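Bear in mind that the values in this text are calculations on the coordinates, not laboratory data. Because the structure is a prediction, the values reported are computed rather than measured. Cβ atoms come from the backbone with ideal geometry, glycine included; neighbour counts cover every protein chain shown.
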Amino acid sequence: MIPPEFDYVAPTTLAEAVAALGEAGEDAKILAGGQSLIPVLRLRLAFPTTLVDLSRVPELRGVSEDADTLVIGAMTKHSDVVEDPLVQQHAPLLSEATATVADPAVRHRGTFGGALAHADPAGDLAAVALALDAELVAEGPGGRRTIPARDFFLDYLETSLSPDEILAAVRIPKLRGSWGVRYEKFNRVAQAWAIVGVAAAVRTEGGAIAEARIGLTNMGSTPVRPAAVEAALVGASDRAAVVAACAAVAEGLTPPSDLGAQADYRAHLARVLTARAVAHAAGMSS
Amino acid sequence: MRVRMKVDGVTYEDEVQPRTLLTHHLRDGLGRVGTPIGCDTSSCGACTVDIDGESVKSCSVLAVQADGSTITTIQGLSGAENGDSSTWHPVQKAFQEHHGLQCGYCTPGMIMATVDLLKRNPSPSEDEVRHGLEGNLCRCTGYQNIVKAVLSAASELRGEGPLPGSFQDAPENDTAQTPAAETAGAPA
Ligand SMILES: Cc1cc2nc3c(=O)[nH]c(=O)nc-3n(C[C@H](O)[C@H](O)[C@H](O)COP(=O)(O)OP(=O)(O)OC[C@H]3O[C@@H](n4cnc5c(N)ncnc54)[C@H](O)[C@@H]3O)c2cc1C
Ligand code: FES
Ligand code: FES
């Protein structure tokens, strides 16, 4: 279908973009890679009055370092995230998960910031941002603020960004020490969204788990950080101990039931995939 | 809004509405109907074109976003517009040789996605071909011959010659085919 009518502006700086968004009023929307928004417009599920296109704002693209933190511009495309050497070195979990997002053509347009701002609980990157303790940098008329990932995802397709704010960058603390990572994604066909996904970063000391960080995809209306399981994993030194600690991963969660899977099946997948991801990240093969 | 883009070697300048999808502009605005539309959900890949060196789904890009860019569609891939098969791109030839299509609806997108894949990975494994084309759906072929075509095109583009195809396997003329097998198996 043809999208509904809207006005279009393409600012070239972040300051202009914030101003344009403010002027356009509350029914305006940001256009990033368009890989979620354009299908929504084609299906006429949204009727924005104005689209503020960020694709001509160079300062929102690219990856840099700020001491112990990796800074990824919100408009950095998935394909650039996958290939970026800094990301591969300091946040390999993000490279691995981003490579599973959609397909090559979608990854050539879709952006890291767009995926987080869209906040689809089935999206792979929100769980990664949560597991890596990322901070989201938002720019609005009142200036800049930094939001921890755990406070960013509020509900299905809902974030703590206000309508006049733009997600400018994502700050990810570099992993230091002997960390291993793994993204386990369970889906029907290669291009499809995750039925359940598990992002795991695990630090080992002398063969036992010293610290585990886990993010769950599609196990609720937001990505989930199962803190009790993370704590229970500390000290685990073989696969059996990992499996035992992960048995409680779905407790207290209300995963969706839909065409992809029923809630109880998702809970089962979460247990299996969390154990797999953690064991793999910790280098425990059997 | 005014947009200017180079499509298959020709520069066009046109007035478009902001909501016009690039596919619609290519097809209805510029008459370049070689790029089909197969879905409403950015899923099928039939509409894949190359924008500034990257494969993208042209149904998921606004024409205004493509202002200033250089686009190659299936119609510009061989550099010739006359349909003369001797000028076809190696990927186009391979799809013909290996029966990589039946109805042909997915083919423009499959070929454009393949060209992009082989540019990034000139020697893909069969698995990498299947993953590399995960954004392109085919309802007819079952993908087997598409994968064969892609592996053959890769070999050809590496300068190692195409892999034997269905047409090449067949003897030059039918008479040559008849006796050998049958005589051998026939009762004495
Ligand atoms: C066929 C298909 C398969 C897919 N499969 C997956 C998958 O397996 N896993 C996965 O994680 N994703 C998947 N996606 C989604 C993909 O990751 C998108 O790139 C992503 O969801 C949106 O990013 P975008 O840059 O295209 O954003 P857009 O579509 O441009 O925007 C999405 C939303 O976020 C808002 N927004 C975007 N950027 C900003 C910003 N900087 N500040 C404030 N608001 C902003 C927009 O206003 C809009 O509401 C798939 C998409 C398609 C089409
Ligand atoms: S028509 Fe573009 S992906 Fe289906
Ligand atoms: S040949 Fe018919 S859809 Fe692929």
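Structure above, values below:
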{"read-out": "Placed amide H near residue A:178: partners under 5 Å, 5+ positions off or other chain", "value": "A:204"}
{"read-out": "Percentage relative contact order, chain A, counting C-alpha pairs under 8 Å, at least six apart", "value": "15"}
{"read-out": "³J(HN,Hα) computed for each position of region A:117-125 - Karplus, 6.51 cos²θ - 1.76 cosθ + 1.60, integer Hz, glycine/proline x", "value": "5, 5, 6, 6, x, 7, x, 7, 8"}
{"read-out": "Cβ-based exposure ranking for A:47, A:6, A:112, in which fewest neighbours within 10 Å come first", "value": "A:47, A:6, A:112"}
{"read-out": "Residue pairs, from the table A:29/A:174; A:77/B:93; A:77/B:119; B:57/B:148, whose Cα atoms sit over 26 Å apart", "value": "A:29/A:174; A:77/B:93"}
{"read-out": "Sorted by Cβ density within 10 Å, fewest first, the residues A:78, A:90, A:280", "value": "A:280, A:90, A:78"}
{"read-out": "Residue B:48 long-range amide H proximity, modeled H, under 5 Å", "value": "B:58, B:109"}
{"read-out": "Ranked A:253, B:101, A:43, B:22, criterion: other C-beta atoms within 10 Å, fewest first", "value": "A:43, A:253, B:101, B:22"}
{"read-out": "FRET efficiency for residue A:67 and residue A:144, using Cβ-Cβ distance with R0 set to 25 Å, rounded to 0.05", "value": "0.85"}
{"read-out": "GNM result for chain B, Cα springs below 10 Å: residue of B:156, B:81, B:54 fluctuating most strongly", "value": "B:81"}
{"read-out": "Helix-only CD estimate at 222 nm, as mean residue ellipticity for chain A, using -39500 (n - 2.57) per DSSP H run (n ≥ 4)", "value": "-8500 deg cm²/dmol"}
{"read-out": "HN-Hα J in Hz across region B:33-47 - Karplus 6.51, -1.76, 1.60, θ = phi - 60°, x for Gly and Pro", "value": "8, x, 9, x, 10, x, 7, 10, 10, 6, 9, 8, x, 4, 8"}
{"read-out": "Listed residues A:69, A:90, A:240: farthest to the positive end of the dipole of chain A (Cβ charges)", "value": "A:240"}
{"read-out": "Percentage relative contact order, chain B, counting C-alpha pairs under 8 Å, at least six apart", "value": "20"}
{"read-out": "Rg(Cα)/(2.2 N^0.38 Å) for region B:85-157, N = residue count", "value": "0.96"}
{"read-out": "Value of [θ]222 nm, deg cm²/dmol, for chain B, DSSP H segments ≥ 4, -39500 (n - 2.57) each, nearest 500", "value": "-9000 deg cm²/dmol"}
{"read-out": "Of A:263, A:127, A:138, the one that fluctuates the most in a GNM where chain A has Cα springs shorter than 10 Å", "value": "A:263"}
{"read-out": "Listed residues A:274, A:50, A:98, most fluctuating in chain A (Gaussian network, C-alpha, under 10 Å)", "value": "A:50"}
{"read-out": "Mean separation of Cα contacts under 8 Å (6+ apart) over length of region B:85-157, as relative contact order %", "value": "50"}
{"read-out": "Amide hydrogen neighbours beyond the local backbone of residue B:7, cut-off 5 Å, H modeled", "value": "B:12, B:71"}
{"read-out": "Per-residue HN-Hα couplings for region A:211-228 [Karplus 6.51, -1.76, 1.60; θ = phi - 60°; Hz; x = Gly/Pro]", "value": "7, 10, 10, 10, x, 10, 9, 6, 10, x, 7, 9, x, 10, 10, x, 4, 5"}
